[in-house]
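Visitor: After the structure tokens below, expect a handful of questions from me.
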Amino acid sequence: MNKVTVEALKEYGFSAVALPEPEREITGVYIGDLLSWVMGRAKSGDAWITIMSNINVLAVASLADTACVIAAEGVEITEDIAKSAVEKGINILSFSGSAYDAAVLLYELL
Amino acid sequence: MSEALKFRFDVDGNDFTSAGKASVQVKKNLRQLGLSPETIRRVSIAMYEGEINMVIHAGGGVAEVTVTEDCVEIFLSDKGPGIKDIDQAMQEGFSTASDNIRSLGFGAGMGLPNMKRYTDYMDIKSTVGVGTDITMRVNI
Ligand SMILES: Nc1ncnc2c1ncn2[C@@H]1O[C@H](COP(=O)(O)OP(=O)(O)OP(=O)(O)O)[C@@H](O)[C@H]1O
Ligand SMILES: [Mg+2]
């Protein structure tokens, strides 16, 4: 298995919104927008693909210990949230395609 | 660690933007104590779900986390509307959350089931019109 860091995603069409921990390794993927499902099912080290972009995403990513949040469909992450993500050590990348497209790319990388 | 360590938090019921603050702080504290990542993850997820429930459903409350030699205990207490049917509330998918709350990503009806899943012990005491007390324990 390849070691894929969050930072490496920048080469594959994902753009960095907040990357306080660029060396964090991605070990899996979880897709979901309902926060309690993500809390219950995402694994530590997963790249979490979602179209949710509000502040609560940060707490969920932090507590579920995901490697990064991938904001699919190009949903906007406000500057406030990006700033707060950096302070909390949470990686966020933006992706213009769908959650499916993002997952296919990650499947090929992992 | 022979003596119990206690952390106490007031959970603000009006502020969605800081919801989860107590859980994030507990995660930091447990990390400093050197607990295993898996224990920390279980405690902080269970606590987060309980904390969010107090914000969304009960207008806030109080959270207490006690660390002893063999477990982490989370106690959540609110003076909200109480839970009429606890068995029903514990079912996956049951939720009374408003559309407004759902648009933020809450309301899947998975919070209480997650709390049960991630802890070794969970007890809910609730009286309609009085409030809800929840005790959870994660063995170390
Ligand atoms: N502290 C509380 N006070 C009053 N009612 C509560 C409390 N906690 C939970 N409930 C009730 O139990 C239901 C189920 O709670 P649960 O946490 O499982 O789901 P949810 O909060 O509705 O959605 P989710 O947690 O998935 O975002 C809630 O919709 C609410 O009616
Ligand atoms: Mg809930």
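The values are calculated or read from the model by the stated rules, or taken from the named source; none is laboratory data. Given the structure is predicted, the values throughout are model-derived calculations rather than measurements. Using ideal geometry, Cβ is built from the backbone for each residue, glycine included, and neighbour counts are taken over all protein chains shown.
Visitor: For residue B:97, state whether it is more than 23 Å from residue B:74 (Cα to Cα) and either within 15 Å of ligand 2 (Cβ to nearest atom) or not polar (S, T, N, Q) (or both). Break it down stepwise before answering.
Guide: On the way: more than 23 Å from residue B:74 (Cα to Cα): yes; either within 15 Å of ligand 2 (Cβ to nearest atom) or not polar (S, T, N, Q) (or both): yes.
For residue B:97, the condition - more than 23 Å from residue B:74 (Cα to Cα) and either within 15 Å of ligand 2 (Cβ to nearest atom) or not polar (S, T, N, Q) (or both) - is met.
Visitor: Which members of region A:29-47 meet the condition of being away from ligand 1 (no atom under 16 Å from the Cβ) and at negative phi? Lay out the reasoning, then the answer.
Guide: In the first step, residues of region A:29-47 are kept if they are away from ligand 1 (no atom under 16 Å from the Cβ); the result is A:29, A:31, A:43-47.
Listed by number, the residues that qualify are A:29, A:31, A:43, A:44, A:46, A:47.
Visitor: Looking at residue B:2, is it at pLDDT below 95 and away from every other protein chain (no Cβ under 11 Å)?
Guide: Working: at pLDDT below 95: yes; away from every other protein chain (no Cβ under 11 Å): yes.
For residue B:2, the condition - at pLDDT below 95 and away from every other protein chain (no Cβ under 11 Å) - is met.
Visitor: Applying the selection to region A:39-52, what residues are crowded, with 20+ Cβ neighbours inside 10 Å, in a loop (DSSP other than H, G, I, E, B) and more than 8 Å from every other protein chain (Cβ to nearest Cβ)?
Guide: Within region A:39-52, the subset crowded, with 20+ Cβ neighbours inside 10 Å is A:39-40, A:42, A:46-50, A:52.
Cutting the leftovers down to in a loop (DSSP other than H, G, I, E, B) gives us A:42, A:52.
Of everything in region A:39-52, just one residue is crowded, with 20+ Cβ neighbours inside 10 Å, in a loop (DSSP other than H, G, I, E, B) and more than 8 Å from every other protein chain (Cβ to nearest Cβ), namely A:42.
Visitor: Further question: Would you confirm, using the coordinates I've provided, whether residue B:111 is within 15 Å of ligand 2 (Cβ to nearest atom), at positive phi and modelled with pLDDT of 95 or more?
Guide: Working: within 15 Å of ligand 2 (Cβ to nearest atom): yes; at positive phi: no; modelled with pLDDT of 95 or more: yes.
Spelling it out, it is not the case that residue B:111 is within 15 Å of ligand 2 (Cβ to nearest atom), at positive phi and modelled with pLDDT of 95 or more.
Visitor: I would also like to ask the following. Among the residues of region B:39-51, how many are more than 8 Å from chain A (Cβ to nearest Cβ) and surrounded by fewer than 24 Cβ atoms within 10 Å (Cβ to Cβ)?
Guide: Initial filter on region B:39-51 (more than 8 Å from chain A (Cβ to nearest Cβ)): B:39-40, B:42-43, B:46-47, B:50-51.
Still in the list and also surrounded by fewer than 24 Cβ atoms within 10 Å (Cβ to Cβ): B:39-40, B:42.
Residues that pass the stated criteria total 3.
Visitor: Here's something else I'd like to know. Of everything in region A:11-34, what is under 12 Å from the mean Cα position of the chain (by Cα) and outside any loop (DSSP other than H, G, I, E, B)? Give them in sequence order.
Guide: Scanning region A:11-34 gives A:15, A:16, A:17, A:18, A:25, A:26, A:28, A:29, A:30, A:31.
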